[in-house]
Each structure stands twice: as structure tokens, then as C-alpha cells.
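Before any comments, here is the structure.
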Amino acid sequence: MTFVPEQSGKNAWLEKVREIVWQTPVVDMHTHLFPRRFGKLSLTGMDDLLTYHYLIAETLRVLPMTYDEYWSLSKERRADLIWQTLFVERTPISEAARGVVTILRRLGLEAKGRSLAELRANWPDRSEAGYTERILDLAGVGQAVMTNDPFDPEEREIWLSSVSTARPGENRFLAALRLDALLNDYGSLPVRLNNWGYRADSVLTEETVAELGRFIKEWTERMRAVYVAVSLPDTFSFPDGSTRSILLERVVLPVCRDMGLPLALMIGVKRGVNPALLEAGDSVGKADIRVVERLCADFPHNKFMVTMLSRENQHELAVTARKFRNLMVFGSWWFLNNPSLVGEITRMRLELLGTSFIPQHSDARILEQVIYKWAHAKEVIAQVLVEKYRDLSEAGWPVSAADIRRDVESLFEGNFWRFKNLKL
């Protein structure tokens, strides 16, 4: 099927693009999800959704209660307060609140006028063997990449036990080795590393460097990680003589290069701007794009997947990606995951990079969040693609359904796998 302006109106374009977008499974290449075998780390259900940190921050702006009073409550009671505050006393118009409404609708639950007790009682049975797969199918997610921290005591024990063996239906979860503790707080690690059998010193001696490399390699192999990742502050600089800089250059980058793994850099977090909000207290800062330029130029045989948290960084990041084939731009991360910004950023990237980027990841922490995050993102991406295909058609290049399908498959899954397997 070929679309031309004389034959296909705006609605026909939107219908065809939306159909292809919704039919194409995605590799959700950055989430905080866990399959059920990870026990308490696997978050799911109404109370976990409502006590997500986006909704906590929104609620505590207006709730006549101190932070300490709020945190002293049980999770169920905190969920009650959030539902009452954002869904009963107010219209759930924010993106995070609308997301809950979208989830409920997709699960066949009526939201408006319902009590939280009713919604809890009518929630689908999460103990069913196929529940996780059902949620991923509803979201159109073929595979989800976890965030896996080998320094987290609870998660570490799961990986070291036989329980870490995937159960039927859980092969849709892939691992990513997260190294925030190593690169952002190395001083706290040598004692633990020594207890685990790695000869690590607070001073980065040759032996320590070798042992840290061994640690990363062994954990990457244990998890079968598809990439290595770290979240970095807006002040991140390289090279600057810091422990983080030395560890990157002498440990992380050589291991990633040797194993052919991309290093995902998520840059721009300002931690604990309001400590009283606990996990909801982080914020955003503009980072220096020159650090990405230096890394890509100085390490041409390393692959970097980069997302930046500040809106102000998005244009220069896309321009930088035009200059380096070892840089893959991905997602509208965290505070950027709002339809107005997803549309703006996706449109700009298409104009600068064609289809050679990864437009979105869910960053979901609670299983059911993938439903709304992909429903909302796919709708925006479809609308932007319609604009661009119409512009191209009017310029004299007819666009076929096969063209659209190829492009969407690249954006949603192909670009990730091609970049992961890229030889430099």
C-alpha cells in the first residue's frame, strides 16, 4: 500500500501508522522491572502503582500532612491518601495520574467513581502463572531489559541462588548490569568486595583494577547482561582525575570493549534535592555535552548508549549522535516522559537522525506501568510519524506500508539489537 496526499487523508495516514505502531512489539530497553522469581523486588498491583514516587511528590504538594507523618504510614494507607487526594478530590490530569487511569481501563476496571477498596478487590489475579506475560502483551512489549545491581544484597543473593534460573515465560526479561555503586560510591565497596573474594583496595592499584575488571566480567556473564549501565549526575565530567573517571577509563570501558557490550550512560540526575521526599526527592540538572563528545572520540571502539535528563540537553545530544557512529541516543527519560516533550524530542530526532535512534523506553518500576507508558508513548510517536510521512510524500517520495513497518521495527527493536551487535 502506497500513500499519496491525493488518495489518503490525514485520518487514513493516522490509522495505518497507528495500526503498525501498535502491532510492532518493542524491546523495552531500560526498565526497573523484575520477574516474579525476584520476590519482593518484583512490584505489581494497585498499591505499588499509587505509591510510585511520581505520585508521592504530586500528592505531598497539597496534602496537609508533614513528610514524616506520611512516611510513618503503611503502604496501604499511603495509597489510600494518594487515591483520595489525586483521584477523588482532584482530576487525575497529570501524566502519572492519567497513567493509572489508562492501566485500569486496559485491565477492564472502571476508575471514576470507584472506591480504592473496589479496585483492589476486582484486580486480576496476580498469582496466575501467565499474569506477567498478559501485562507485557497488553503493553506490546516483546522483551524488557531489567536494571540489575550486583551490589544490592537482596538481588545479589537471588542471582547467586538456583532461584535465578528463568522459569517458563520469563525469558522475556533480559539483564543489564548496573554499576552506580562502583562508579559513584567506590569508597564504600572495598571491604565488601574483599569479603566476596575480590582483592580490592581503596587505592586503585594494578591488582585492584584487574580484580574490578574480573568482578564486572563475571557478573556480566552470570546475568547474561545485554549492556552495562550507570546513572550519572549533571556534574559528570571526564576526564577529571576522579575515582569515577579512573574506573571508567581503566576498568569499565576496557571490559565493555572486550565483551562487545554497550555502556549506557544516563546523565543529569540531581540526587536528594529534597531529602524529606526520600526516593521522590531527586531532580534534574543540565549536563555538559562535551563529556559525551570526549568519550565517543577518545574511545572509538566502545559503544555508548546515552540518554540525558534535561530538556536543554536534547538538541545537542542529537547533533553529537550525527558525529559518532558509536553513539546511540535513547529514550525520553524520567521527567521527560510527558507527551508534550516526547513529541517534541521525537520530532527533532527524526529531523536530525532519521530513524537511527531508540525513541523510548518505559523506565517502569511497577509491572503494570508498562501498559500506560507504552500506550501514551506509541500514540505520540504515531502522530509524529504521520507528520513526517506526509511531509515526505508531499515532497515527492511516496511512502508505502512496508516502508512504515520497516521504520517502526527499527525504532522499536531493530536499532537496539543492531547497535548491541555493532562491530567497531
Checklist entry - Conditions: (1) touching a Gly at 6+ places or on another chain (Cβ under 8 Å); (2) on the phi > 0 side of the Ramachandran plot. Gly260 meets all but one. Number of the miss? => result (1)
Checklist entry - For Leu232, are the conditions met, namely being surrounded by 17 or more Cβ atoms within 10 Å (Cβ to Cβ) and either hydrophobic (A, V, I, L, M, F, W, C) or part of a helix (DSSP H, G or I) (or both)? => result yes
Checklist entry - Which is over 19 Å from Glu58 (Cβ atoms) and part of a loop (DSSP other than H, G, I, E, B), of Leu261, Leu295, Leu265? => result Leu261
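To keep it simple, each residue is scored yes or no on (1) within 26 Å of the chain's Cα centre (by Cα); (2) assigned to a loop (DSSP other than H, G, I, E, B); (3) over 30 Å from Ala144 (Cα atoms).
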| residue | (1), (2), (3) |
| --- | --- |
| Gly187 | no, no, yes |
| Val191 | no, no, yes |
| Val203 | no, yes, yes |
| Ala210 | no, no, yes |
| Phe215 | yes, no, no |
| Glu221 | yes, no, no |
| Val226 | yes, yes, no |
Checklist entry - Of these, Glu379, Glu368, which one is surrounded by fewer than 21 Cβ atoms within 10 Å (Cβ to Cβ) and either in contact with a helix residue (DSSP H, G or I) (Cβ under 8 Å, 6 or more places away or on another chain) or more than 30 Å from Arg120 (Cα to Cα) (or both)? => result Glu379
Item to check | Count of the range 48-107 residues which are of a type outside the set (Gly, Ala, Ser), outside any helix (DSSP H, G or I) and within 20 Å of the chain's Cα centre (by Cα) | outcome: 2
Item to check | the range 287-313 - residue that is closer than 15 Å to Leu263 by Cβ and of a type in the set (Val, Ile, Thr) and, of those, surrounded by the fewest Cβ atoms within 10 Å (Cβ to Cβ) | outcome: Val291
Next on the checklist: With the requirement that a residue be without any contact (Cβ under 8 Å) to a residue 60 or more places away in the chain, part of a helix (DSSP H, G or I) and within 16 Å of the chain's Cα centre (by Cα), what does the range 347-378 give you?
Outcome noted: Ala377
Checklist entry - Which number in (1) closer than 25 Å to Pro233 by Cβ; (2) in contact with a helix residue (DSSP H, G or I) (Cβ under 8 Å, 6 or more places away or on another chain); (3) free of Cβ contacts under 8 Å to residues at least 60 places away in the same chain marks the one condition that Asn148 misses? => result (3)
Item to check | Pair list, Cβ under 7 Å, 6 or more apart: the range 399-411 residue at pLDDT 95 or above, other residue surrounded by 17 or more Cβ atoms within 10 Å (Cβ to Cβ) and among the polar types (S, T, N, Q) | outcome: Asp407/Thr355; Val408/Thr24; Glu409/Thr24; Ser410/Thr355; Leu411/Thr355
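The values are calculated or read from the model by the stated rules, or taken from the named source; none is laboratory data. If you're wondering where the values come from, they're calculated on a predicted model, not measured in any experiment. Using ideal geometry, Cβ is built from the backbone for each residue, glycine included, and neighbour counts are taken over all protein chains shown.
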